[in-house]
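The next block holds one structure in the form of structure tokens; read it before the comments.
The values are calculated or read from the model by the stated rules, or taken from the named source; none is laboratory data. Remember, predicted model here, so these are calculated numbers, not experimental data. Note: ideal-geometry Cβ built from the backbone for every residue, glycine included; neighbour counts use all protein chains shown. What goes into the accessible areas is simple: the full protein's heavy atoms, side chains included, and nothing from ligands, DNA or RNA. Shrake-Rupley method; radii C 1.70, N 1.55, O 1.52, S 1.80 Å.
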Amino acid sequence: MVIDQGNDKGGTVLVSKTVSPATKRSLQILKRRSNYAVSFDFDVEVMGDRLDLGVKGVVAVVVPVPHEVEKVAQLAQTIKEAAPTVLVCGCIDVPDQRLWLLAERSGFNLVSSDGAIGGALLRRLASADTGLREAIAVMETSETAGRLGLLGTFEIDGKSLAIWRSGGRLGCLENACTHSGAALSEGDVEEGVVTCPRHGSRFDICSGERVRGPADTDVAHYDIFDKDGRIWVVPS
Ligand code: FES
């Protein structure tokens, strides 16, 4: 395995107790070849007591992707609620492309086969400006009280983003249709799906998943959460 060198940012990677031996070996290599601390006794069941937005130093959480399809999104969401700014990493120990795609669309920031997670995570951490992802407050929660549909548009790192509340969910997508670039913020939204105003492609507001063409790829999505009276977005 090739591990990127030269990363000295440090921080802690929390690893679920239930990961496979191959995942453990892969992350041991990350531990030896970087300044990241790797803790192998993470228990998802007590996670709420151990992680919070205010806890410093946790850069990633690594868990096995459940084989039960209905549990995949639930697990990603549970971790994000406890720690919205850490990288949520899922390891897959079966050659199941459908499960892989589902995990990516359900909110896992990084999905890898179990023996490759160490290198994949180190590359991902090295590519970020800092090991810790910083959430950016984009509006006061009070501004959105009682509002449904488009909540607003804003720019992060030169990209236009749009946020919606629909179908009981908050979602943030890049504000450009992948078909030919129309502003999705000008489209209708219903039950958590936005319709492009130009040719009618439809996308899930949380995952960016293409629900209907003519666009043939998903739209980039961003983690978003409501906490301490503000709406926060995590640039990726
Ligand atoms: S630009 Fe969105 S469907 Fe064509």
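Taking all protein chains together, Phe203, Phe225 sort by accessible area into Phe225, Phe203, largest first [probe 1.4 Å]. Here the simple spin-label model places points 7 Å from the Cα toward Cβ, and for Ala220 and Ser160 these points are separated by 1.4 nm.
His199 contributes an accessible area of around 100 Å² to the protein surface, as traced by a 1.4 Å probe with all chains present. For the chain, the spherically averaged projection of the C-alpha convex hull amounts to 12.9 nm². To the nearest 0.05, how large is the calculated FRET efficiency for Ser113 and Val211 if R₀ is 25 Å and r is the Cβ-Cβ distance? Result of the calculation: an efficiency of 0.35. When the residues Thr12, Thr153 are ordered by accessible surface, computed with a 1.4 Å probe over the protein chains alone, the sequence from largest down reads Thr153, Thr12.
Each peptide in 71-80, 136-145, 155-164 gets a packing score, the mean of other Cβ atoms within 10 Å over its residues, and the list from highest to lowest is 71-80, 155-164, 136-145.
Remark: relative contact order (region 136-234) = 27 percent; criterion is Cα-Cα distance under 8 angstrom and separation of 6 or more residues.
To the nearest whole percent, what portion of all C-alpha pairs in region 136-234 is separated by more than 22 angstrom?
The share of Cα pairs beyond 22 Å in region 136-234 comes to 21 percent.
Short-range pairs are left out: with C-alpha atoms under 8 Å and at least six residues apart, the relative contact order of the chain is 16 percent.
For Ser180 and Asp96, what does the FRET efficiency come to when R0 = 30 Å and r is the distance between their Cβ atoms, rounded to the nearest 0.05? The computed FRET efficiency comes out at 0.35.
Extending 7 Å from Cα along the Cβ direction at Asp228 and again at Ser39 yields two label points whose distance is 2.0 nm. Remark: the Ser20-Arg169 segment gains 50.3 nm on full extension, using 0.36 nm per residue and subtracting the alpha carbon distance. For region 11-127, taking Cα atoms only, Rg and Dmax work out to 12.9, 37 Å respectively.
Protection proxy ranking for 94-103, 171-180, using the average of other Cβ atoms within 10 Å per residue and placing the highest first: 171-180, 94-103.
Counting lysine pairs in the chain that sit 8 or more residues apart in sequence, or on different chains, and whose Cα atoms lie under 28 Å apart gives 24.
3J(HN,Hα) couplings calculated from phi for region 166-178 with the Karplus curve 6.51 cos²θ - 1.76 cosθ + 1.60 (θ = phi - 60°) are, in sequence order, 6, x, x, 10, 9, x, 9, 10, 4, 8, 8, 5, 6 Hz; Gly and Pro show x. Antiparallel beta bridges, as assigned by DSSP with both residues in the chain, represent about 60 percent of the total such bridges.
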